[in-house]
1. Just check the range 21-88 against the gyration tensor rule for me: Cα atoms, a ≥ b ≥ c as the square roots of the eigenvalues, rounded for a/c under 1.5, and otherwise prolate or oblate depending on whether a/b exceeds b/c.
2. If we count GluC sites (Glu not before Pro) as exposed when they sit in a DSSP loop and have at most 16 other beta carbons within 10 Å, what is the longest stretch of the chain that avoids them all?
3. Would you please name the trypsin sites (Lys or Arg not before Pro) within the range 312-373 that are DSSP coil residues with at most 11 other C-beta atoms within 10 Å of their C-beta?
4. Between LEU152 and ASP47, what FRET efficiency follows from the Cβ-Cβ distance if R0 is 41 Å, with the result rounded to 0.05?
5. Roughly speaking, what is the stretch gain from LEU255 to LYS421, that is 0.36 nm per residue apart minus the C-alpha to C-alpha distance, in nm to one decimal?
6. Could you tell me the center-to-center distance, by alpha carbons, between the range 320-387 and the range 19-87 in angstrom?
7. How many nm is it between the label spots at ASP300 and THR241, if each spot is 7 Å from the Cα in line with the beta carbon?
8. Subtract the Cα-Cα distance of ASP142 and GLU176 from 0.36 nm times their separation in residues, and report this length gain in nm to one decimal.
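Each value in this text was obtained by applying a stated rule to the coordinates, not by laboratory testing. As the structure is a prediction and not an experimental result, all values here were calculated from the model. Positions of Cβ are backbone-derived with ideal geometry, glycine not excepted, and every protein chain shown enters the neighbour counts.
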Amino acid sequence: MCITLHNSQELFAPMRYSAFSVITQALRGHTGWTPAWRKAEPAPHYDVVIIGGGGGGLATAYYLARHHNVGRIAVLEKGWLGNGSIGRNTTIIRSNYGLPGNIPFYELSMKLWEGLEQDINYNAMVSQRGIFNIYHNDAQRDSYARRGNAMLLHGVDAELLDSARLRREIPYLDYENARFPIHGALVQRRAGTARHDAVAWGYARAADKLGVDIIENCEVTGIDIENGAVKGVQTTRGAITVGKVGIAVAGASSLVGAMAGLRLPIESHALQAFVTEGLKPLIDNVITFGAGHFYISQSDKGGLVFGGDIDGYNSYAARGNLPTVEDVCEGGIALMPMLGRARLLRSWGGIMDMTMDGSPIIDKTPVGNLFFNGGWCYGGFKATPASGFCFAHLIAREEPHAVAAAYRLDRFAEGRLIDEKGAGAQPNLH
Ligand SMILES: Cc1cc2nc3c(=O)[nH]c(=O)nc-3n(C[C@H](O)[C@H](O)[C@H](O)COP(=O)(O)OP(=O)(O)OC[C@H]3O[C@@H](n4cnc5c(N)ncnc54)[C@H](O)[C@@H]3O)c2cc1C
């Protein structure tokens, strides 16, 4: 592997995190820790530029530098690392999908999560505490059984529990709810949570260590195209000429795509997240409601972390509205009435790039040397490792990775949708 080091990097020796370094630093009064990544300045040219320093962009840069010999790489981020959805999500990771286009991709992601902390030498607090998708009637049980069987056929773990077994594992749910009685759950025990912003920091640090320039406060304002191929980007910190460009800007996909004349099958919607006051350990897994959209887990600090539906109208405002707050809380209380006594401490919003079938896009664009990664809808956090891994493969080799081959841009024109959610071409129904 050939990695060009820059002057600023030669001065900067990223330290290895270990029990030994924690003990040594403790003895030195914690005065010796070095910054996790350099504050790189933009160079006039890069072989590969990734637009967007969220989870997808940083993971792409890391896997490009780690596995592909593509020369000099930069990540251009308009704000600070973690300002986008990577630092705003409800931290759920899982691979309990049901369609052939999705299962192998999300399972690759789960396998990468399982080795991630060792791989990038960073504590991302990956916790495989299991996800329980609750079902409330016979038809839903049958559909969950189908999904579980599809998972098992792809080598993914899945279990279908009836209400008696579920009661033994999670006794505090409202099993006798008159409207939404609980009949059981589809369980993936390897699913769980990871600390969202630590994932961005860990990938940034690991990419930086391999020579990637991570340039914060550097907004891309234009994409230069000559003879049908990308030649450079205009940024708030000057023009940069490029060999290849990868767009990984999640909630800003349509805006950045438009800079290259792309009209994407994507709408932008706000999604909110909520955290209660810190409570004693209560919920030791991830639970989703089957009669509405509600999902919950408990953070290591004790806050109950939960969310529900997108706000349902197009917006770039990273804040939500009260009707959705009410809807999310109703779902939560129908599932576990005790939630009504917890005080809500914080809530925030993030922008989701919703595709017309609920599945992502990782593909070349009609513009030469311009590649697109986006349309992550509700699910891009769990996808972070595979999203970066497969996008790096696509950029370097100019052909899709086998597990991401279905995520083509032209599937919308050709009718090959991967409609996992079953809501069709209506993001506001997702
Ligand atoms: C409230 C909420 C809860 C969620 N819960 C989950 C969950 O539990 N599990 C799950 O799997 N997914 C979840 N998601 C979805 C997931 O967080 C996103 O799909 C995923 O983070 C998007 O990919 P990213 O990390 O690369 O995006 P981002 O972190 O949004 O990164 C994109 C980056 O691009 C930058 N950018 C934009 N425009 C430009 C420009 N012109 N120039 C330079 N940089 C630019 C932005 O500043 C941003 O940092 C949730 C999302 C939200 C909002």
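1. prolate
2. 220-397
3. When the trypsin sites (Lys or Arg not before Pro) of the range 312-373 are filtered for loop state and at most 11 Cβ neighbours within 10 Å, ARG343 remain.
4. 0.45
5. Full extension of this stretch gives 57.2 nm more.
6. Their Cα centres are 24 Å away from one another.
7. About 4.7 nm, to one decimal.
8. 10.2 nm
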